[in-house]
Amino acid sequence: MASRFDAWARGYDEGALQPVLYHAIHRAVLRRLGAMTTRPARILDAGCGTGQLLRAAADRFPYTALVGVDPSPAMLDIAAAVTAARIVLAEAEHPPFADSAFDAVTATFTYRHWHDQAAGLAEIGRVLASGGTFGSRSCYHREHGSGRSGGTGRRGCRKHW
C-alpha cells in the first residue's frame, strides 16, 4: 500500500478532490475538535499523508504540538517540507508513542487503508489520553460478498467522535 502512495505523492495535493472533499473534511474535523476540546497540547494525525490536515491544524491550534504518522516515505517527505509538525514513518496500527501521549487523534480517509483496522483503533485508544478526543472521517465501498467485513454492497462516508 505504501508504494502506491509513494508513487502518487508528488501530485497528490493537486488532485481534483483535494479542495472539494479533503480540505473541507479537514476543516470540519478540526472545527469539531476545537468545539470539543480547548487547546489540546498534542494532536496525532494517523495517516497524515502529505500533511494537509497538520497544516490546517497549525493554523487552528498554533500552540499545539502536532505529530503525523504515515507508512509512505514519499508522502512524509512532502509533509516534512510543508509543516513544522513532527513527522514519523509508521502505520496507524503501530504508532511508536507512549500510552496516553495525545489529547486528540485524527484519522481522515485513512481507515480503509489500514491492514488491521481493529489493531489501529486499539492503538489509537492506547495513545489517546483519558478524556481525549478521536475524530475520524472515512469513506468506503464494499462489494457484496467481498471486502474485509464480508461486504454489504454499500458506499458511503462515516464520521466518528
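Read-outs throughout are calculated quantities, based only on the coordinates presented, and are distinct from any laboratory measurement. Computed from a predicted model, the values in this text were never measured in an experiment. Because the Cβ atoms are built from the backbone with ideal geometry, glycine has one as well, and the counts that use them run over all protein chains shown.
Each peptide in 42-48, 115-121, 98-104 receives the mean, over its residues, of other Cβ atoms within 10 Å, and ordering these scores from highest gives 42-48, 98-104, 115-121. Highest mean first, the peptides 62-68, 124-130 sorted by other C-beta atoms within 10 Å per residue fall in the order 62-68, 124-130. Scalar couplings 3J(HN,Hα) for the range 122-136, obtained by applying the Karplus form with A = 6.51, B = -1.76, C = 1.60 to θ = phi - 60°, are 4, 5, 4, x, 5, 7, 7, 5, 4, x, x, 10, 10, x, 9 Hz; x denotes Gly and Pro. Count Lys and Arg as plus one, Asp and Glu as minus one, and take only other residues whose Cβ is under 9 Å from that of VAL67; the net charge is then +1. Amide H contacts for GLY68 (H built 1.01 Å from N in the peptide plane; partners 5 or more residues away or on another chain; cut-off under 5 Å): ASP45, ARG86, ILE87, VAL88.
Here's how it looks for THR83: its modeled amide H is under 5 Å from none belonging to a residue 5 or more places away or on a different chain. Taken one residue at a time, the phi angles of the range 43-60 give Karplus couplings (6.51, -1.76, 1.60, θ = phi - 60°) of 10, 10, 10, 7, x, 6, x, 7, x, 4, 5, 4, 4, 5, 5, 4, 6, 6 Hz. Gly and Pro are set to x. For VAL105, the residues 5 or more places off, or on other chains, whose built amide H falls under 5 Å of its own are LEU44, THR133, PHE134, GLY135. Backbone geometry of the range 87-99 corresponds, through the Karplus equation with coefficients 6.51, -1.76 and 1.60 at θ = phi - 60°, to 3J(HN,Hα) couplings of 10, 10, 7, 6, 8, 4, 6, 9, x, x, 10, 5, 4 Hz, x marking Gly and Pro.
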